[in-house]
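**Student:** Encoded as structure tokens, here's the structure I'll be asking about.
The values are calculated or read from the model by the stated rules, or taken from the named source; none is laboratory data. If you're wondering where the values come from, they're calculated on a predicted model, not measured in any experiment. In this analysis, Cβ positions are derived from the backbone assuming ideal geometry, glycine residues included, and neighbour counts consider all displayed protein chains.
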């Protein structure tokens, strides 16, 4: 059974099918198989196996999963199910950990109007890593990049969104004692010196090659990769000695680390950051990752419970045209977002997940029932999350780190 | 008498002769007349009249000088003598001032190992403007740019140099209540938000056209123009309403304001910064501006008094091969750094300056005597300056503005 295969790569190839997305490539011969994954664009039918080849990362193999098992006592479902499926230097991070050298976690977010369930995937996994490895987390809200890369948003708007999005992050349940959340604009004093050192070793040519920048790219975006990379080395700078850094993030963020941070690290005397990469959670439509730009197919943490129910019940499925046909042919869970929601977030028991899969395939489980059950679970999750999100408002200061602006020595004179 | 002409432009053309410098242009037809003036390079025989044409600035004409006279009660020698000779929107700044709207001054320095007399020219003039117009001064130490643009210097070194160079600045005598000195790395939190907005409106193409950047330019340098431009708008941001900004600086800095700040200002709703441009103080060698890279021809504020004397007495002059010849033909003050030192800094009386000029031309004043007199004055100036520079160490905090780094809300947890 491919789904529960011991080899995540085999599993991978099976669940690939769900990402049949808006391919906008104009050349007909590439339409079927082409896809684009960059920090700003995920488009087409993502072949995760090919991404490993293209990006030059390593698959998370059985050996690594066993090491996790020994060190943590449990294997997170995202590892078991190949949702976190690729890495760089994860074995090295575990070597260091076993030798008594703790690592720091670093991840982040380009703030947006609303957070959806797909955004939570890396955060949930990061929380697991924090707990199991007693790791500090440095979380960057890239309000500047979001502004620099937007046609419409003001910097004031992206800053505001960053503070709003922090509530979602905090609601995931991180340890305030070990979690440091900041915006780029709010923490720039702590980051800029490190970023300048990275920038000095990064030419326009390099940035162009890594990110596809061109002559019309604004100079803020050109500098930004140095800023995003700087957080990899922040724990080392703050502690005064080299600290291994592990970055859990969706695989589209890989170019920052591959092309910039890992290139520059040895020149500055830092460790190269290690990475662990996730796939994208699908949306509720036919193919494509969950995306804020298609709100009807994304479950936002701030959706009303009614909206959640409506969206789940209105989901595309891998079902057949008629009940009769489905009883006869069975459903198609591999291309069904409803099934993948169980897989990503809403059925932790592997045995139960397998039952859903098998019952769908056999025609025993019909889409209506399956969606009803999912809707109930998603509503429960969102409702619970919203409670935690409200509580987060009261404790945000326990997580936020900020430099103080305004010319402190002479502030009174300046205003 | 061209030297004391009422028309600064005529005067200009006369004193042009002293800048006969290392022309490295390889095409023979341009060797004589070519020159390069950029923020990073001043090379060749600078034709200041042509620079006004090339840069599209306006000459400081008699009308503006008369307005200064009415408003300030005196005309600074740098205006009388055409050392500050070009501007953008200076008339607009004076309109605003007359209408009751005060302007802020902004200038800065790329910190280096040592400050020389040439560096002091814009600062001395800035102090005059501060006094006469009761203006706040925002002074930027570009430690980041100096690092980003250097083959050898570490960021820690340029930061240290910035603090050292502040002593020279403070020794000039600015009003601590109205003067705000900062380094880019130390004040980045206050600057970055403004810089991001400027950067968003500045493409690589623009930066390339303005500064001659290319594909090998590092991404820190690419962003830097936004940071340098940001200070133009800092007073407006701090005050919460638009404040006119006047930038006194050597003319090589003009591209920052022309190409970036003035282009972007209307898009962000700020006033365009006005500028007033100085020429370069010559070195003590044959031609060329005073430059730290030719230390034997530059008087540093930290030179020993012995060194000062040695340098002045060893200066190139416009004298003749023999005393007889000089008595007969007269000297050549227009190409003589010794004469120009009187002009720039060491003879405030126009009548006395004219006497020196005439006595040189007539063969009455010989180079040895002329240099002895200058050496005595330069030694006195440097000695006095060094006393003030020592005192500056005690009051640096009255001038320095800094953001506080380190994640203040959670600083204790992070260390």
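**Student:** Residues of the range B:118-137 being surrounded by fewer than 21 Cβ atoms within 10 Å (Cβ to Cβ) and part of a loop (DSSP other than H, G, I, E, B), which ones?
**Tutor:** B:134
**Student:** Let me ask something additional. Can you confirm whether residue B:154 is more than 15 Å from residue B:123 (Cα to Cα) and without any contact (Cβ under 8 Å) to a residue 60 or more places away in the chain?
**Tutor:** So residue B:154 fits the description; yes.
**Student:** Also: Whether any residue in the range B:365-382 is modelled with pLDDT of 95 or more and outside any helix (DSSP H, G or I) is what I want to check.
**Tutor:** yes
**Student:** Further question: Is one or more of the residues making up the range A:164-184 touching a helix residue (DSSP H, G or I) at 6+ places or on another chain (Cβ under 9 Å), at the interface with chain B (Cβ under 7 Å from one of its Cβ atoms) and surrounded by fewer than 18 Cβ atoms within 10 Å (Cβ to Cβ)?
**Tutor:** Within the range A:164-184, one or more residues are touching a helix residue (DSSP H, G or I) at 6+ places or on another chain (Cβ under 9 Å), at the interface with chain B (Cβ under 7 Å from one of its Cβ atoms) and surrounded by fewer than 18 Cβ atoms within 10 Å (Cβ to Cβ).
**Student:** So, one more: Could you tell me which residue of the range B:55-75 is farthest from residue B:37 (Cα to Cα), considering only residues that are in a loop (DSSP other than H, G, I, E, B) and in contact with a strand residue (DSSP E or B) (Cβ under 8 Å, 6 or more places away or on another chain)?
**Tutor:** The extreme case among them is B:60.
**Student:** Further, regarding this structure: Which one is nearest to the other protein chains (Cβ to nearest Cβ) among residues in the range A:216-247 that are in contact (Cβ under 8 Å) with a residue 60 or more places away in the chain, in a helix (DSSP H, G or I) and more than 13 Å from residue A:191 (Cα to Cα)?
**Tutor:** A:220
**Student:** Give just the number: which of (1) modelled with pLDDT under 95; (2) closer than 19 Å to residue B:88 by Cα; (3) touching a strand residue (DSSP E or B) at 6+ places or on another chain (Cβ under 9 Å) does residue B:283 not satisfy?
**Tutor:** Unmet condition: (2).
**Student:** If I ask for residues that are more than 7 Å from chain B (Cβ to nearest Cβ) and under 24 Å from residue A:182 (Cα atoms), which ones from the range A:194-210 would you list?
**Tutor:** Residues satisfying the conditions are A:194, A:195, A:198.
**Student:** When you go through A:140, A:145, A:156 one by one, which is the residue that is closer than 22 Å to residue B:188 by Cα, assigned by TED's automatic domain parsing to the domain that holds residue A:100, touching a helix residue (DSSP H, G or I) at 6+ places or on another chain (Cβ under 6 Å) and assigned to a helix (DSSP H, G or I)?
**Tutor:** That would be A:145, the only listed residue that is closer than 22 Å to residue B:188 by Cα, assigned by TED's automatic domain parsing to the domain that holds residue A:100, touching a helix residue (DSSP H, G or I) at 6+ places or on another chain (Cβ under 6 Å) and assigned to a helix (DSSP H, G or I).
**Student:** Can you name the residue in the range A:383-415 that is under 30 Å from residue A:304 (Cβ atoms) and at the interface with chain B (Cβ under 7 Å from one of its Cβ atoms) and, of all such residues, is modelled with the highest pLDDT? Step through it out loud before you land on a result.
**Tutor:** The initial filter retains those residues of the range A:383-415 that are under 30 Å from residue A:304 (Cβ atoms), namely A:383-400.
Subset that is at the interface with chain B (Cβ under 7 Å from one of its Cβ atoms): A:397, A:400.
Values: A:397: 91, A:400: 94.
So the residue we want is A:400.
**Student:** Residue check: is residue B:191 facing another protein chain (nearest Cβ under 9 Å) and modelled with pLDDT under 95?
**Tutor:** Criteria not met by residue B:191.
**Student:** Tally the residues that are in a loop (DSSP other than H, G, I, E, B) and out of contact with any strand residue (DSSP E or B) (no Cβ under 9 Å at 6 or more places or on another chain), restricting the search to the range A:186-213.
**Tutor:** Of the residues in the range A:186-213, 1 are in a loop (DSSP other than H, G, I, E, B) and out of contact with any strand residue (DSSP E or B) (no Cβ under 9 Å at 6 or more places or on another chain).
**Student:** Within the group A:265, A:250, which residue is more than 9 Å from chain B (Cβ to nearest Cβ), modelled with pLDDT of 95 or more and under 24 Å from the mean Cα position of the chain (by Cα)?
**Tutor:** Working: A:250 fails: modelled with pLDDT of 95 or more.
That would be A:265, the only listed residue that is more than 9 Å from chain B (Cβ to nearest Cβ), modelled with pLDDT of 95 or more and under 24 Å from the mean Cα position of the chain (by Cα).
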